[in-house]
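The values are calculated or read from the model by the stated rules, or taken from the named source; none is laboratory data. None of the values given here were measured: they were computed from a predicted structure. Note that we place each Cβ from the backbone using ideal geometry, even for glycine, and neighbour counts take in every protein chain shown. With ligands, DNA and RNA removed, areas are computed over all heavy atoms of the protein, side chains included. Shrake-Rupley method; radii C 1.70, N 1.55, O 1.52, S 1.80 Å.
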Amino acid sequence: MNIPNALSIFRLLLVPVFAVVFFSGREDAYQLAALVYLVASISDGLDGYIARHCHLVTKLGRILDPLADKFMAAVALYCITAAGLLPLWAFIVFACKELLMGLGALVLYKKVYDVLSANYVGKAATVLVFAVCAALLLFKGISHTAASIMIAMALGLSVAAMVLYLIQYIRLIRQKKL
């Protein structure tokens, strides 16, 4: 077990912590949940930096890292939707996109024993989803218009990332069939 993989496991362990803190009923629950999400996001950045710069990229890490990101984002978005801070339709779009990408990764792993590497659009989408979640958690007085614009931007970038991953997926499958 190397440090980047341990950080991914740490992020996976933060997922239920986020939900427990979010629904704790504390007056500062949303702020504390945002802090948990921030710690997860920082550990995500450290994980990737250490893996690449210390040549510690592993197949396990290429699975654990996006899995931790997807679980944290899904739980955060679910909690925020349950609290009425995010429209249900936005959560459904995010959930369907993540489900499709997860199924695609599973099929790809079964066919070629590997998953796609993260691309910059996917990384940017992850950062933007975090920023939207943080803004919705931290700024209670955010206008409906501002929230809608942020949600639309995050959704648009997330869908663009999915399209780019789909193109990579198709190319890889075609290469393996040759």
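For the reader, a short list of remarks on this structure follows.
- Flag for I92 being in contact with a Leu (Cβ under 7 Å, 6 or more places away or on another chain), closer than 23 Å to F23 by Cα and in a helix (DSSP H, G or I): no
- For H53, the criteria (1) in contact with a Leu (Cβ under 9 Å, 6 or more places away or on another chain); (2) at pLDDT 90 or above hold in every case but one, which is (1).
- Between A83, A40, A68, A90, the distinction of being surrounded by fewer than 17 Cβ atoms within 10 Å (Cβ to Cβ), in contact (Cβ under 8 Å) with a residue 12 or more places away in the chain, closer than 30 Å to D28 by Cβ and not basic (K, R) belongs to A83 only.
- Complete set of residues in the stretch 155-178 that are aliphatic (A, V, I, L, M), touching a residue at least 40 places away in the same chain (Cβ under 8 Å) and under 18 Å from A124 (Cα atoms): L155, V159, A161, M162, L164, L166
- Lone qualifier among L128, L116, L108 - being in a helix (DSSP H, G or I) and open to solvent by 30 Å² or more (accessible area, probe 1.4 Å): L128
- Hey, G102 part of a helix (DSSP H, G or I), within 30 Å of A6 (Cβ to Cβ) and open to solvent by 20 Å² or more (accessible area, probe 1.4 Å) or not: yes
- Matching residues, the stretch 131-178, being part of a helix (DSSP H, G or I), under 25 Å from G104 (Cα atoms) and open to solvent by 80 Å² or more (accessible area, probe 1.4 Å): M153, L166, R171, R174, Q175, K176, K177
- Residues that are part of a helix (DSSP H, G or I), small (G, A, S) and open to solvent by 40 Å² or more (accessible area, probe 1.4 Å), drawn from the stretch 1-28: A6
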